[in-house]
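Q: Here's a structure for you.
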Amino acid sequence: MAKKNIRIRASAIILFVVAILYSCGSDVTEQSTEVLSGSDEPAEIEAYDISNGSLTRALAMELKSFSVSVYNMKRDLLYVDRVLMTKNPVSQQFTGESWSMLNTEMKAICVSPNMDVVTSIMFDKVNNSFVYEVPTTEQTMIKIGANMSFTKKSVNNKLPINFVNSLALLTVRARNELELKDKDGNILPVTIYVKSCTLCNMGSQGKFTYTGNVTGTWELIDGAYANYPQVLKSATELSKTKFINICDSTFAMIPQSPETHAWTPAGTDEAPTTDAISVANANHKAYIVLECAMTAEIDNQTVYVWGSETTFKPVYFPYRAAYCPRAWNAINKQGIYNLKIIDGDALDAEGRPIKPEERENENNSFVNAEFITVSPSKDNGEDDVDDWPDAIVEDITL
């Protein structure tokens, strides 16, 4: 009897489990196909960087890793969540945790270096987006890639993903166009040294929405602004003949048009106090500030007319669209800002043109001295940076 009772209990358990599975219907059967079993073939990902920005100076931009999330379009659910893929330096292939493709329509969304750097990924059948805030230091490039519609059969189990830079890059350059007129009307050359450059009141946080495999748009988040400084290892002496880079690195920024909220001081001695930097900051007005020291040769002596050998004083500049011939208001773009240090644009904290700091010497050369603007020795307005082409799938053969 004991043996029979055991058999009855075992049979009852089997029937009970079958009944539960049957009551779940087709959903359980369909869901079970989404789990990698020993007989499933692991998916492969072939990743390519087509953003043309891997050699940008002093900024980590090489595609070495990315996270991929896969969306089951038929079931309206997330199928693979944030699988990290890393590049093998020997084989140059990307590998990560195994997952299997389905023979139903899927969508893959990727972020490099990984999805942990962004706030959230929101999935639905139409809109895929994440929120990101650009750090003020130690910047890197956030690359994006997607495959908006595929099946295991359509890609032969090898998922192609192209990547482009989702942020824009901005290189800041400057040229010295200042000279000094002393009390006697003598025109004296001025030498300018730059120790730091800061982009002020730039949009710092945005929501990125994928619109295609290598396309997307940013929407700046209201009220999110930050200052982005770069302090040079050693001061850079500006040229009078050409624009030169004044930073050790480029700025990686959320694409934007700072001229739409630029600081607009009157730029005269009579400028009202409402044009001061304190008011610009309160209203999130965009401008650029350089920490500078300036010298002139007076009576065969090198004299500091702004700052000192150890002190670099701020000089403020309104952000002007005319000085940025290559816009950086879209992804995968590289802008360049040609900053002219000229009288009327180089301003103090009150929004007025800077004046030479008075220094006592035996001839009182600094009494009523003033900065004046001169034409550059050579008018070189070339920006020297190629704009990145719009990335399209045809840029690479898969």
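The values are calculated or read from the model by the stated rules, or taken from the named source; none is laboratory data. No experiment lies behind these values; they were computed from the predicted model shown. Cβ coordinates were reconstructed from backbone atoms using ideal geometry, including for glycine residues, and neighbour counts include every protein chain displayed. The protein model used for the area step is the full one, side chains on, heavy atoms only, and it has no ligands, DNA or RNA in it. Shrake-Rupley method; radii C 1.70, N 1.55, O 1.52, S 1.80 Å.
Q: Filter segment 92-113 down to residues that are assigned to a loop (DSSP other than H, G, I, E, B) and open to solvent by less than 60 Å² (accessible area, probe 1.4 Å), then give me how many there are.
A: 6
Q: Additional query: What about residue 62, is it assigned to a loop (DSSP other than H, G, I, E, B) and under 18 Å from residue 164 (Cα atoms)?
A: yes
Q: I would also like to ask the following. Checking the conditions here, which among 254, 244 is under 22 Å from the mean Cα position of the chain (by Cα) and at pLDDT 95 or above?
A: So the residue among 254, 244 that is under 22 Å from the mean Cα position of the chain (by Cα) and at pLDDT 95 or above is 254.
Q: All but one of (1) under 30 Å from residue 125 (Cβ atoms); (2) open to solvent by less than 20 Å² (accessible area, probe 1.4 Å); (3) assigned to a strand (DSSP E or B) hold for residue 218; which doesn't?
A: (2)
Q: Here is a further query. Sort through 91, 120, 112 and tell me the only one that's at pLDDT 95 or above and polar (S, T, N, Q).
A: After applying the criteria, what remains is 112.
Q: At pLDDT 90 or above and open to solvent by less than 50 Å² (accessible area, probe 1.4 Å): does that describe residue 330?
A: yes
Q: Search segment 166-179 for residues that are farther than 24 Å from residue 373 by Cα and pair each with any residue that is outside any strand (DSSP E or B) and among the basic types (Lys, Arg) when their beta-carbon atoms are under 7 Å apart and the residues are at least 6 apart or on different chains.
A: These pairs meet every condition: 168/333.
Residue-wise test of (1) acidic (Asp, Glu); (2) outside any loop (DSSP other than H, G, I, E, B); (3) farther than 15 Å from residue 198 by Cα.
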position: 315; (1), (2), (3): no, yes, no
position: 322; (1), (2), (3): no, yes, yes
position: 328; (1), (2), (3): no, no, yes
position: 331; (1), (2), (3): no, no, yes
position: 343; (1), (2), (3): yes, no, yes
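Q: Sticking with this structure for a sec: Out of (1) of a type outside the set (Lys, Arg); (2) farther than 22 Å from residue 117 by Cα; (3) buried (at least 22 other Cβ atoms within 10 Å of the Cβ), the odd one out for residue 254 is which?
A: Of the numbered conditions (1) of a type outside the set (Lys, Arg); (2) farther than 22 Å from residue 117 by Cα; (3) buried (at least 22 other Cβ atoms within 10 Å of the Cβ), the odd one out for residue 254 is (2).
Q: Turning to a different aspect of this structure: Mind counting the residues in segment 155-186 that are of a type in the set (A, V, I, L, M, F, W, C), closer than 23 Å to residue 215 by Cα and either buried (at least 21 other Cβ atoms within 10 Å of the Cβ) or under 25 Å from the mean Cα position of the chain (by Cα) (or both)?
A: 8
Q: Restricting to segment 275-303, what's the tally of residues that are crowded, with 18+ Cβ neighbours inside 10 Å and of a type outside the set (D, E, K, R)?
A: Matching residues across segment 275-303 total 15.
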